[in-house]
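Data block below; observations after.
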Amino acid sequence: MNKYPLFITAVLALFLSGCDNGDKTSSEASGNAASTTAPASQPTAPATQAPVAQAPAPLSTGNGEDIKTDLSAMGEIINNNEAEVNKLRENVQWFNDKDEQGMLQETLAKSRKLQESANRQLLALKLKSEEGQALRVKMVDSNKLAIKMAELAGQENVTDSDKQELEALGKEFLALQMETMQDVNALAVEYDWK
C-alpha cells in the first residue's frame, strides 16, 4: 500500500476546506450555457411541451448590496459544510498517517460527495452580481479540481504518474484557492461585507 507524499496529503486536506475542473466548463458552471429557445425560423412549440427556459436576469456590476447578498449566500453554503469538512480533513490526515488505505479511500469518497453537493448548491443560487458570478465560477472550478484529486488519490494503486498529476492538480488548486480568497477579501473590504 502506498503512503501519499506529505504535499499530496496536505492538498487533500486543504481541498476539504475550500470550494475541480472536471466535466463541466466554466461557462456551464457560470449558468451562462446556451439558451434553449428555438431559432426564429422554427415554429413555436405546441402547448403540450414543457415551457422554454427564460434567459437569466442580467447581473449588476459594482452594486454593493448585490455583491454583499451574493457573498452572504455563497458564504452560507461554505459555513454549513464546515463541521463535516473539518472532520473529513482530520480523517484524511489520520488515515494517511496510519496507512489505513481502505478508510482513507472511504473518506475521500465522502469528501467527493460533499464537494459535489457544494457545487450543486452553488449552481442553484440566483446570484445578482457579476462579481458574485465570477467567484462562484472559481469556487465550482476549485471543487472540480478537488474532486479530480480525490478520484486519483482514492485509486487502489496510485502510480508515480498519478502522484505527479496529483501534485500538479494540487498546485493549480492552491493557486485558485488563493486567488478566490484574495477576491473575496477585496470585495469584502471594498463593499464593507462582514
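The values are calculated or read from the model by the stated rules, or taken from the named source; none is laboratory data. None of these values were measured; they are calculated from a predicted model. Here the Cβ positions follow ideal geometry from the backbone for every residue, glycine too, while neighbour counts run over all protein chains shown.
A single entry from E131, E90 fulfils the requirement of being surrounded by fewer than 18 Cβ atoms within 10 Å (Cβ to Cβ), part of a helix (DSSP H, G or I) and of a type in the set (D, E): E90. Report yes if some residue within segment 175-182 is in a helix (DSSP H, G or I) and of a type in the set (D, E); otherwise report no. Yes; the residues of segment 175-182 include at least one that is in a helix (DSSP H, G or I) and of a type in the set (D, E).
Would you call A146 within 18 Å of L114 (Cα to Cα) and either touching a helix residue (DSSP H, G or I) at 6+ places or on another chain (Cβ under 8 Å) or crowded, with 20+ Cβ neighbours inside 10 Å (or both)?
Yes.
Among the conditions (1) under 25 Å from Q177 (Cβ atoms); (2) at pLDDT 95 or above, S60 misses just one, which is (1).
Residue under question is N32, and the condition is that it be within 21 Å of D141 (Cβ to Cβ) and either modelled with pLDDT of 50 or more or polar (S, T, N, Q) (or both); does it hold? Outline the logic, then answer.
Numbers: within 21 Å of D141 (Cβ to Cβ): yes; either modelled with pLDDT of 50 or more or polar (S, T, N, Q) (or both): yes.
Considered against the rule, which asks whether it is within 21 Å of D141 (Cβ to Cβ) and either modelled with pLDDT of 50 or more or polar (S, T, N, Q) (or both), N32 comes out as yes.
Considering only residues in segment 97-109 that are in a helix (DSSP H, G or I) and out of contact with any helix residue (DSSP H, G or I) (no Cβ under 6 Å at 6 or more places or on another chain), the one that is surrounded by the most Cβ atoms within 10 Å (Cβ to Cβ) turns out to be Q101. Has segment 112-121 got at least one residue that is in contact with a helix residue (DSSP H, G or I) (Cβ under 6 Å, 6 or more places away or on another chain), in a helix (DSSP H, G or I), within 21 Å of D66 (Cα to Cα) and of a type in the set (K, R)? No: segment 112-121 contains no residue that is in contact with a helix residue (DSSP H, G or I) (Cβ under 6 Å, 6 or more places away or on another chain), in a helix (DSSP H, G or I), within 21 Å of D66 (Cα to Cα) and of a type in the set (K, R). Note on segment 151-183: residues that are among the charged types (D, E, K, R), within 19 Å of the chain's Cα centre (by Cα) and under 21 Å from E106 (Cβ atoms) total 1. In segment 158-167, is there at least one residue being in a loop (DSSP other than H, G, I, E, B) and farther than 30 Å from G62 by Cα? Taking every residue of segment 158-167 in turn, at least one turns out to be in a loop (DSSP other than H, G, I, E, B) and farther than 30 Å from G62 by Cα.
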